[in-house]
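Undergrad: Can you read through this structure? Questions will come right after.
The values are calculated or read from the model by the stated rules, or taken from the named source; none is laboratory data. Bear in mind that the values here come from a model prediction, so they are computed numbers and not experimental data. Quick reminder, even Gly has a Cβ in these numbers, built from the backbone with ideal geometry, and neighbours come from all protein chains shown. Ligands, DNA and RNA are stripped out before the accessible areas are found, and what is left, the full protein with its side chains, is counted by its heavy atoms. Shrake-Rupley method; radii C 1.70, N 1.55, O 1.52, S 1.80 Å.
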Amino acid sequence: MVKKKKIICIVQARLNSERFKNKILKKVSGKTLIEILLKQLSFSKYIDKVVVAIPKTDKKLFNFLKKKNEVFLGSENDVLSRYYFAAKEYNAEIVVRVTGDCPLIDANLIDKGIKKFLNSNYDYVSNIDPPTFPDGLDFEVFSFKTLKKTYEESTLNTDREHVTSYILKNNEFRRLNIQNTRDLS
């Protein structure tokens, strides 16, 4: 019998966006955007747990989320370390990366990516390189081993801020991009 791997979806979120402050707490039809996003993720057949990883300085967001959700507090600027320590704390074997900017994320599309990852030898599966799906449906799937290597080897501030940019520019990682039947990016 094959042991099931623990799949943790980590959603990075913050309130201090420069263009639209507090956007994930804005309401649409009585629900905040982050609540809509988390509901969408609950439809995944593969994700074992969803963790919202936020800056430790974001007390307002923490107080809003802590009642109903798993929340991890980490670095504001070193988002890679926030992901790494969240994944480590929740014993993730596979990490799904989603941003708080994607309230209409499609769990079926994420499941397609997870299934490709599970049935392959890739270190990283996404739909962003190059993008062919509409903006807001972005996801990435990678092993904890890949995240750990990225965390340990990334030295550039841009790689620490953008979590997976080191993976995307490093040819030692085996990558797969899921493309839409036509480019709607």
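Undergrad: Cβ-Cβ under 7 Å, sequence separation 6+ or interchain: first residue in segment 38-58 and over 11 Å from Asn69 (Cβ atoms), partner open to solvent by 60 Å² or more (accessible area, probe 1.4 Å). Which pairs?
TA: Final answer for the pair search is Gln40/Leu104; Asp48/Lys6; Pro55/Arg14; Pro55/Glu76; Lys56/Leu73; Thr57/Glu76; Asp58/Arg14.
Undergrad: Does segment 141-158 hold any residues that are buried (at least 18 other Cβ atoms within 10 Å of the Cβ) and either among the polar types (S, T, N, Q) or modelled with pLDDT under 95 (or both), and which are they?
TA: Passing the criteria: Ser143, Thr146, Thr150, Ser154.
Undergrad: Looking only at segment 166-180, decide whether some residue is within 16 Å of the chain's Cα centre (by Cα), modelled with pLDDT under 95 and either under 23 Å from Phe20 (Cβ atoms) or of a type outside the set (A, V, I, L, M) (or both).
TA: no
Undergrad: Under 7 Å between Cβ atoms, which residue pairs at least 6 apart in sequence (or on different chains) link something in segment 155-180 that is touching a residue at least 12 places away in the same chain (Cβ under 8 Å) and among the acidic types (Asp, Glu) with a partner that is open to solvent by less than 90 Å² (accessible area, probe 1.4 Å) and outside any loop (DSSP other than H, G, I, E, B)?
TA: Close Cβ pairs satisfying both conditions: Asp159/Leu80; Asp159/Ser165; Asp159/Tyr166; Glu161/Val79.
Undergrad: Hey, another quick one. Go through segment 8-29 residue by residue and tally those that are open to solvent by less than 10 Å² (accessible area, probe 1.4 Å), touching a Leu at 6+ places or on another chain (Cβ under 9 Å) and part of a strand (DSSP E or B).
TA: Adding up the residues that qualify gives 2.
Undergrad: Restricting attention to strands (runs of 3 or more DSSP E) lying wholly within segment 47-134, give those where 3 or more residues are in contact with a Lys or Arg (Cβ under 9 Å, 6 or more places away or on another chain) and open to solvent by less than 20 Å² (accessible area, probe 1.4 Å).
TA: Hits in segment 47-134: 49-55, 124-126.
Undergrad: Select, from Val125, Val96, the only residue that is over 23 Å from Lys23 (Cβ atoms), β-branched (Val, Ile, Thr) and touching a Gly at 6+ places or on another chain (Cβ under 9 Å).
TA: Criteria check complete, one pass: Val125.
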